[in-house]
Structures are given as C-alpha cells and as structure tokens.
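A short write-up of the structure that comes next.
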C-alpha cells in the first residue's frame, strides 16, 4: 500500500466514492484517460481535415471513449494504442484550430493567436509561459498526499480578480519562461517520476493555454521520453530544484508506460468547446467557483457572463457524473 493510500482521508466513504477514479489512476491501478484516448483510432487525417469535420469526429468518438473508459473502470484491460492518429491527436489538432480564432473562453476574442498581430483578453499570442512547477504541498489532502501535487503554474489569465493571490503571474503576461509542449511534458514526466500524485495544471488560468497542455498530454500518451536539453530547460522553472527527490519510475507507470491523473485546476470560465476536449483528458476537476449571480464578478473581476458560464460548466460535470458515477470528482 502506498503512502497516499494510507491517508485517513480515504476512510471517508463519500470521499473515497467521489474520488475513486482519481485514486485508482494515482495508484496506477487504472490508466489515465489520456492513455485510453490513445487507443481509439480516428479514420481522419487531423491535419488535413476541416475543423467542422474534426468536431463531428469528436462527437462520434466520445461515446466510444466513454464506453471504453467505463469498461476499464469495471476491470477490462487497456487496449494497445492506435498505430495511426487517435482521439488524442484529434483533441490536439482541435485545440490548435481553436487557437487560430481563439474561443477557449467566453470572451470569444476570435483573435488569431498563431499570427500574434493582435491580442485578446488574455494578452497572449501562441506561446505559453510557465512561472514555476514543483511539488505543491498546499493543495487539498487527497491531492497533495505525502509527496505533493505535481503543479505547473502558467502565467496570464482571462479574468481580472482584484483579490488574486497569484496576481504577479496572472497579470504579468511576461512573467516566467516561455515553454513549448515538449518541455511541458518534461515537467510533468519529472514531477510524476519524483512521486507526485498527479499533474496539476493551474495558473493564472489554464484554459488560455489549452493548446500547449493538450499537446503535452498527447506526447505523454505516445511514449514520450525527454531529452537532456528538455530536462535542462524544464529545470529553469522548477521552484524546488534545490531539494532532493528520489526518482521513483514505478510511481509513474501503468502497463509499462507513463501514467498520471490529470487535474484541471481552473476558474472554469471556459467555452463548451474547451470542455468537450477536456472531458477526454481530465481525470479530476478542481473548479475555483468565485462569485454568485449578482454584480460581484463585474465589480471585482471585470468579467461578464461569469455566473451563467461557470454554473453551466459545473452542471456539465454533474451530468457527466450522473452518467458515470464517481467518475468526475
């Protein structure tokens, strides 16, 4: 039994039931959802297909994914990864298509962030910057466990909260180090092999970096192993790099390949399109629900459409949870 499994928090049947999928993936008893997505082939060439065709394919493959996920929850083995493009590559391609007319969040700026000639609410072009990554021991007990949550902090945000505890990174788009998806994957790979119980994508706000994160997860689902250069670049933002961590490769393996629960730690100010992609890749959700239905979101965060957006997204989690008990939280 691992240190995580020995925590008394799991004696609470409500917590154990609600977080059963997360717990099983963290303990490598089950493959993470990104590993399952890699087993579902698509007949499309993602790079050559229209965006409408990609969304239609996602809608068609999602029920297949959910059925396979549910079978694995019940004890079925993980199938081999698809030889060609899979649901994993489909999600990656869709995230990059969205980037060219950015609609990751309800600001719906429609800015071509790849061109980088104009900027929307998040003030970002295509690049993603990471302020720090480390073993986070300040999260909820079931996430931090004994070895910490493998947290990767991104810069910039799509809200303007006057009380932001991470204001230095959420308001300064130039904070941190510009990081490509391969280096992001190296950060996640290292944190998990050092014993972190999950990979915690957080900010700032993470949905504005959806393309980079989905790309990094797709790499991890396809036998990624970092080069020495990628590891060196990743260490530039490792806040606990002067501490010593024992490398525990066995803590990051299911069926011989990399495994880790993906935790989406977000303000949940996201579009339905973003949610549809994340449904395939996210093992556990951590919504930061800030405001009620009054004027507070506008007064304190300069954010319209907040209540209707966040409540819709949390209702989606509830709906998905009712369809697949104990699978979401």
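The values are calculated or read from the model by the stated rules, or taken from the named source; none is laboratory data. Treat the numbers as computed from the prediction; the structure is a model and nothing was measured. Cβ atoms come from the backbone with ideal geometry, glycine included; neighbour counts cover every protein chain shown.
Find the residue count for segment 6-23, including only residues that are in contact with a helix residue (DSSP H, G or I) (Cβ under 8 Å, 6 or more places away or on another chain), surrounded by fewer than 18 Cβ atoms within 10 Å (Cβ to Cβ) and either free of Cβ contacts under 8 Å to residues at least 24 places away in the same chain or within 28 Å of residue 93 (Cα to Cα) (or both).
Residues in segment 6-23 being in contact with a helix residue (DSSP H, G or I) (Cβ under 8 Å, 6 or more places away or on another chain), surrounded by fewer than 18 Cβ atoms within 10 Å (Cβ to Cβ) and either free of Cβ contacts under 8 Å to residues at least 24 places away in the same chain or within 28 Å of residue 93 (Cα to Cα) (or both): 1 in total.
Quick one: which helices (runs of 4 or more DSSP H) lie wholly within segment 8-126 and hold at least 2 residues that are in contact with a strand residue (DSSP E or B) (Cβ under 9 Å, 6 or more places away or on another chain) and within 26 Å of residue 249 (Cα to Cα)?
20-26, 33-37
Restricting attention to segment 246-287, report how many residues are assigned to a helix (DSSP H, G or I) and on the phi > 0 side of the Ramachandran plot.
Selection size over segment 246-287: 0.
Based on what the data block shows, is residue 145 in contact (Cβ under 8 Å) with a residue 12 or more places away in the chain, more than 16 Å from the chain's Cα centre (by Cα) and either buried (at least 22 other Cβ atoms within 10 Å of the Cβ) or more than 27 Å from residue 312 (Cα to Cα) (or both)?
Against the criterion (in contact (Cβ under 8 Å) with a residue 12 or more places away in the chain, more than 16 Å from the chain's Cα centre (by Cα) and either buried (at least 22 other Cβ atoms within 10 Å of the Cβ) or more than 27 Å from residue 312 (Cα to Cα) (or both)), residue 145 qualifies.
For residues that are more than 20 Å from residue 89 (Cβ to Cβ) and touching a strand residue (DSSP E or B) at 6+ places or on another chain (Cβ under 8 Å), scanning just segment 214-235, find the one that is surrounded by the most Cβ atoms within 10 Å (Cβ to Cβ).
234
Return yes when residue 184 is part of a helix (DSSP H, G or I), more than 19 Å from the chain's Cα centre (by Cα), modelled with pLDDT of 95 or more and under 30 Å from residue 24 (Cβ atoms) and no when it is not.
no
Restricting attention to segment 292-303, which residues are assigned to a loop (DSSP other than H, G, I, E, B) and within 18 Å of residue 167 (Cα to Cα)?
302, 303
So residue 3 passes all but one of these: (1) within 23 Å of residue 248 (Cα to Cα); (2) touching a residue at least 60 places away in the same chain (Cβ under 8 Å); (3) not in a loop (DSSP other than H, G, I, E, B). Which condition number does it fail?
(3)
Please tell me if residue 32 is on the phi < 0 side of the Ramachandran plot and within 21 Å of the chain's Cα centre (by Cα).
Yes, satisfied.
Check segment 236-256 and report whether any residue there is modelled with pLDDT of 95 or more, surrounded by fewer than 16 Cβ atoms within 10 Å (Cβ to Cβ) and in contact with a strand residue (DSSP E or B) (Cβ under 6 Å, 6 or more places away or on another chain).
There is at least one residue in segment 236-256 that is modelled with pLDDT of 95 or more, surrounded by fewer than 16 Cβ atoms within 10 Å (Cβ to Cβ) and in contact with a strand residue (DSSP E or B) (Cβ under 6 Å, 6 or more places away or on another chain).
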